1. Of the options B:ALA69, A:GLY461, B:LEU111, report the single residue whose Cα projects farthest towards the positive end of the charge dipole of the protein assembly as shown (beta-carbon charges: Lys, Arg +1; Asp, Glu -1).
2. Per 0.36 nm of contour for each residue apart, how much would the distance between A:ARG227 and A:ALA366 grow if the chain were fully extended, relative to their Cα-Cα spacing?
3. Rounded to the nearest 0.05, what FRET efficiency is calculated for A:GLU305 and A:HIS262 with R0 set to 45 Å and r the Cβ-Cβ distance?
4. In nm, to one decimal, how far is the B:ASP146 label point from the B:ARG162 one, both placed 7 Å along Cα→Cβ?
5. Stretched out fully, how many nm does the piece from A:PHE271 to A:GLU133 gain, at 0.36 nm a residue minus the Cα gap?
6. Sort A:ILE9, B:ILE141 from largest to smallest accessible area, using a 1.4 Å probe on the heavy atoms of the protein chains.
7. At 7 Å along the Cα-to-beta-carbon direction for both A:MET147 and A:ARG197, put a label point, then send me their distance in nm to one decimal.
8. Once each part is reduced to its C-alpha centroid, what is the distance from the stretch A:161-179 to the stretch A:287-365 in angstrom?
Amino acid sequence: MLPRVRRSIRSKFLLVVLVATFSALAVAGTALLVYDLRTYRQQWIDDLLTQAEILGRASAPALAFDDPKSAHDNLALLKARPGIRTGIIYNARGKPVARYGDDTQAPGLPESDGVRVQGSELVVFKRIVENDEIVGTVYLRAHHELMPRLIDYLSILGVVMVLSLGVAAAMSMWLQAALTRPILAVTRAAREVMERRDFSLRVHKNTEDEVGYLVDAFNAMLAELGRRAEALEASNRSLANEMAERERADDELRTLNVELEHRVADRTAQFEAANKELEGFSYSVSHDLRAPLRGVVGFAEALLEDHADELSTEAQRKLGVVRHEGHRMGVLINDLLAFSRLGRKAVQRGELDMAALVRSTWSGLASEREDRPVELQVGSLPAASGDRVLLGQVWVNLLSNAVKFSRGRSRPQIWVDAISDTKEVIYFVRDNGAGFNPTYQDKLFGVFQRLHDANEFPGTGVGLALVQRIVNRHGGRVWAEGAVDKGATFYFSLPKEAMDGTV
Amino acid sequence: MDAVTPTRPARLRLRALVWAGLTGLLIGSGVECRAQAEPAAGEHAVKAAFLYRFAGYVDWPASAFAGAAAPLTIGVVGAEPLRTELQEVVRGRVVADRSVEVRKLAPGEPLAGVHILFLGRAEAGRVGALRSWLQDAPVLIVTEADGALAQGSMINFVVLDRRVRFEIALDAAEKHGLRLSSRLLAVAQKVTGGTP
C-alpha cells in the first residue's frame, strides 16, 4: 500500500479522505459514547433515586401504621421495572418490613442515604421521612446495564463508520477523477517529453481551476522550451559554420605568413649577399687601389728627393701637387675602408665613461688646433654602454668637425653635453662655427655628401656617414640643427637599455 | 387527593405530586385477611402512637385553631392507660408546626379547642350520643368499638391478625369539614362512605 501511495496522487487523495472521515467519526463517536454513557448512568441513578423516593412516600403510612402488607404491595409494583433486582423496606428500627426480588445479597441493616456502584450494580438507600420523622428506609438494588448499551453503541458506530467510509471512498473516487485526470494528463505529457525530447506535445485543458492554470502554464513552458531549443540549435549551427570559416581563414593566414617569411628570408639573404658582395667589392677596390697609389706617391717623393737638381721649380711644384693629391687619395681610401669594415665588425659592448672618452679624444686632436686655441666646455655626461673604439671614433669625427668648422671664428668655442630621459641619453656637440643651410640637413649624413667647399673645409665626406652608421648599430639616432654662420649642433642618442642592433 | 398540609416544605409537596400516580394503583389493593384475636400486649401504646400519627394525615379547617401558634389538642375520654401512653408519645412532638397537647375529657364536656377526640372502649356506649355532643365541630372522632362507624365515629380501631388496624368513615369526616389524606385511606383496613 505505502509504495503505491507514494507513487500516485489518487491513492494519496483516497487515503486522505478515508483517514479524515475515520478520524472525524471516531472522535465524534467516542465523544457521543462517553457523553451518552455518563448521561445514561446519571439517568439510571436519578431514576433509581426517584423510585426510592416514590416508594418511600407511598410506604410512609404503611410504616407509620405498621402495615407490612401495604408496604409489600408497594414493592410488588417494581415488577414493572425488570432492571431493579431487589427492593427492601425497613422500618424505623431497621427491621425489614417488606422484601421484593432476590434479597440474598440484601444487607441486614439499612445504611445511610446514598447511591453506590457495586460492579455492574447500583445500590440506593433512601430514608423515609414523614412529619419530620424518620419512619423507615428504602433499599433498591438495580442492574446497571452499561455493557449491553456500550455494545449496542459500538456496533452502531461500527456500522455508521463502515457506511461512511464506503460513501466517502465512493465520493472521493468520483471527485478525484475530475481532479486528477488533468494532473495525470500533465504527468503523462511530461514523461513523454522527457523520454522523446519532443517539445511539440500539448496537454488538453478541460478544467478552469488551478489545474487548468497548471495545464496552461505547462503548455506555455513546453512552447518556450521548444523555441529555446530551436534557437539554441540554430545558434550552434551558425557557430559551427563560423568556427570552420575562421579556421579556414587562419589556415590561409598561416600559409600566407609562412610564404611571407620565406620571401622575407629570401630577400634578406639576397640583400645580405648583395651587401657583402658590395662591401667585399668596395674593400677590395679600396685595398687594391692603395698599392698603385703608394707607388705613385712613393715615386713622386723619390723624384723630389733624388732628382731635385734636375727639376725646375715649376716641375717641383707640380710634382708636390701630385704627392699631395696622392696623400689625400690614401686618406680617402682609408676612410672608405674603415666605413666598409664597420659593416663586418661586431660591436664590443662595455661600460663607458663618456666624459673621460671625450677628454682623451680632445687631447688626441691637439695637432689639429695647434695654430689656434679652441675653447671646450664639457657638461656632466652620463656613462654609456657601447663599443669603446667605435664610440671613440664618433667623438673624434664630431669634435674634429667642430674644430674644423669653427676655425674662421676669432674665438672658437665648443660645448659638449647630454640630456637624458627614461629611455635614452642624448649627447650633443655644439660649435659657434660656419653652421649649415638647414635645407640640406638630410644630406649631412650621406657618404661623400659635402655642404662646403673642400678647399675651405678639407675632408673626405665620409665622417658623418660613419657616425650615423656607428650610432645606428648601437640602436640610437643622429640628427643636427644649425644655420649658416650661426654654428651647428650635432646630436646622437643611445638607448639606456642597450639593444644589440645590426644594420 | 393532596395529602400535604399547607405548611409542609415545598420539597415534599413536589414529591407528593409524583407519588399521587402510584397511590392510585395502590388504592384498593388491601387484602382481606380478617381474623378475630385477643388485644395484643402493648396495644395501648400502638393505638396511642397511631392517634398521634393520624394528626399528620388530616386537614382541619382554619377555623378549628384559635391562632397560628395554637396547639393541636387530642382529647381522651376514658382509656386512662392510653392517655398516659399518649402523653409520653406527644412530648416534644410537633405536627404541622403545632405542638401537641393531650387533654383528659369528661363526656359532654365542651369540645372547644379539641381537634381529635378518642373514646375508649369503656366509653363505647356513648358513641351513639356523639352526634349531639359534637354538633358540627371539626373534631376527628376515633373509637375502638365494633360498628362505631355507623354511629358517627370517623376512625375506628380494629385488631386483625394480632395487629392494630383501623377503618375509616369518610363521609362522617367530610361532614365535619375534615379532609383525610388518601395515603391514610390507603392503609386503612376499610373505608366507608364518600367518594375516594
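The values are calculated or read from the model by the stated rules, or taken from the named source; none is laboratory data. Everything numeric in this text was worked out from a predicted model, so none of it was measured. Backbone-built Cβ (ideal geometry, glycine too); neighbour counts: all protein chains shown. Just the protein is used for accessible areas: all its heavy atoms, side chains included, with ligands, DNA and RNA removed. Shrake-Rupley method; radii C 1.70, N 1.55, O 1.52, S 1.80 Å.
1. Positive-most Cα among the choices belongs to B:LEU111.
2. Stretched fully, the A:ARG227-A:ALA366 segment lengthens by 40.7 nm.
3. 0.10
4. 2.1 nm
5. 33.8 nm
6. Solvent-accessible surface, decreasing: A:ILE9, B:ILE141.
7. With each label placed 7 Å out from Cα toward Cβ, I get 7.6 nm.
8. Here the answer is 131 Å between Cα centres.
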